[in-house]
1. Here's a check for you: in the stretch 49-81, which residue that is touching a Ser or Thr at 6+ places or on another chain (Cβ under 9 Å) and in a loop (DSSP other than H, G, I, E, B) is farthest from T275 (Cα to Cα)?
2. Can you tell me how many residues in the stretch 75-88 are buried (at least 18 other Cβ atoms within 10 Å of the Cβ) and touching a residue at least 40 places away in the same chain (Cβ under 8 Å)?
3. Go through the stretch 163-177 and give me each residue that's assigned to a helix (DSSP H, G or I), of a type outside the set (D, E) and under 22 Å from G287 (Cα atoms).
4. If you go through the stretch 314-333, how many residues are exposed (fewer than 15 other Cβ atoms within 10 Å of the Cβ) and either at negative phi or basic (K, R) (or both)?
5. Looking for whichever is outside any helix (DSSP H, G or I), in contact (Cβ under 8 Å) with a residue 60 or more places away in the chain, over 22 Å from Y327 (Cβ atoms) and not assigned by TED's automatic domain parsing to the domain that holds L60 here; the options are P180, P149. Which one fits?
6. Mind listing whichever residues of the stretch 124-165 are buried (at least 23 other Cβ atoms within 10 Å of the Cβ) and at positive phi?
7. F134 - would you say it is closer than 19 Å to K371 by Cβ, under 14 Å from the mean Cα position of the chain (by Cα) and free of Cβ contacts under 8 Å to residues at least 60 places away in the same chain?
8. Kindly provide the set of residues from the stretch 395-409 that are out of contact with any Pro (no Cβ under 8 Å at 6 or more places or on another chain) and part of a loop (DSSP other than H, G, I, E, B), ordered by number.
Amino acid sequence: MNQNFDRRTVLRRVAAGALAAAAWLGVTSTSATAQAANPITIGFSMSLTGPLAPNGKSSLLAMKIWEDDVNAKGGLAGRPVKLIYYDDQSNPALVPQIYTKLLDVDKVNLVVSAYATNMIAPAMPIVIQKNKLFMGLFGTGVNEKFKYPKYFSMIPMGPNPKPAFTKGYFDVAMAQNPKPTTIAIASVDAEFGQNVADGARENAKAAGLKVVYDRKYPPTTTDFTSIIRAIQASNADIVVICSYPLDSVGMVRSINEIGYKPKMIGGAMVGLQSTVFKTQLGPMLNGIVNYDMWVPAKTMEFPGVMDLIKKYQARAAAEGVDPLGYYMPPWAYAYLQVLGQAIDATKSVDDNVLAEYMRKSSFTTVVGDIKFGPEGEWTESRVLEVQFQGIENNDLDQFRKLSTQVIVSPEKYQSGKVIYPYADAKK
């Protein structure tokens, strides 16, 4: 009897142990499943309508590709990632409420910025108040006043972002013979335009150029003829224009309609990097020397970037975005790459932990290796100057060729020589 009892007891205990183990495994499995299903949420606003939409929409597609790539590899720190975003309509006034909603209602783990200085600046007070890490996408000098230690900038301006934006333009101009002696500066009266114009003035002073025209225009301006005529009347050798996309298009049209031909013109015209505007303007772009951030030159084929461009172009038509994706997509993908690498390295989504790691680390991205300085800017500048050359019509395919968008500075990335003066490039 005792033997039977003992056997039954053992069997019951084994069965009970098995049930307990099964229950424990069930709890563990459920917990692991819950953890896996609990995504790391990254919130942001993006300009999907309004004048900034061409660049905003192409940025968003690149960010979606990053999301897909990361999740296909198992996520970050064992968790999937999920992007949560709202259209800011290219309207800075909508940005604070969007970030308030993301943080207070959606309760996202992390936030990143929309595209462009004018959209980043109004988010900063909310982000600072909430003590959140913040990565900016193409913001010029945004953190100069705030000096917020958890801000990191994805734009290759280096430690002095305002003058860096046009430094290459001045380098090209002052290398000509004879050197220019006078300059005109026209800038949109908005955060971006004034930051870049400040930098242009610094560069002009350093180059010993006399400023003969320096005026800002309202962001609501639609007719640029009077502005170009006034610049023409100043008889400046070179002209720096600090404009946003629709302004840039209007400026180029007016320059061509009037037949204005200074020795060099361009500098800081946002929008001329986008395919939609290139195909609109076609040969009117010839001769303009303007900043750019990435073009598919051999010198700029950083690890993974051409694979990204291939994926982007395969999806561009269906998404209704820039068909080439040379301007914003590499950078929008890269700023999430940096964030992702920090999360993987620290196994954390804590803003303080991530910020501390990012301040002392280097990152390998599709736009090259990156290290951040004290105010969150790159430790080194790498702004390109590109001249439009030999554009014959409005066809898209010609803009796939590097011969129509020649890198003229810096020397390390050069793909050709500048045609100077501007009138010669118009022939």
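The values are calculated or read from the model by the stated rules, or taken from the named source; none is laboratory data. None of these values were measured; they are calculated from a predicted model. Positions of Cβ are backbone-derived with ideal geometry, glycine not excepted, and every protein chain shown enters the neighbour counts.
1. A77
2. Total satisfying the criteria: 8.
3. If the condition is that a residue be assigned to a helix (DSSP H, G or I), of a type outside the set (D, E) and under 22 Å from G287 (Cα atoms), then A164, F165, T166, K167, G168, Y169, F170, V172, A173, M174 are the ones that fit.
4. The number of residues fulfilling the criteria is 4.
5. Residue meeting the stated conditions: P180.
6. Residues satisfying the conditions are F138, G141.
7. Criteria met by F134.
8. D395, K401
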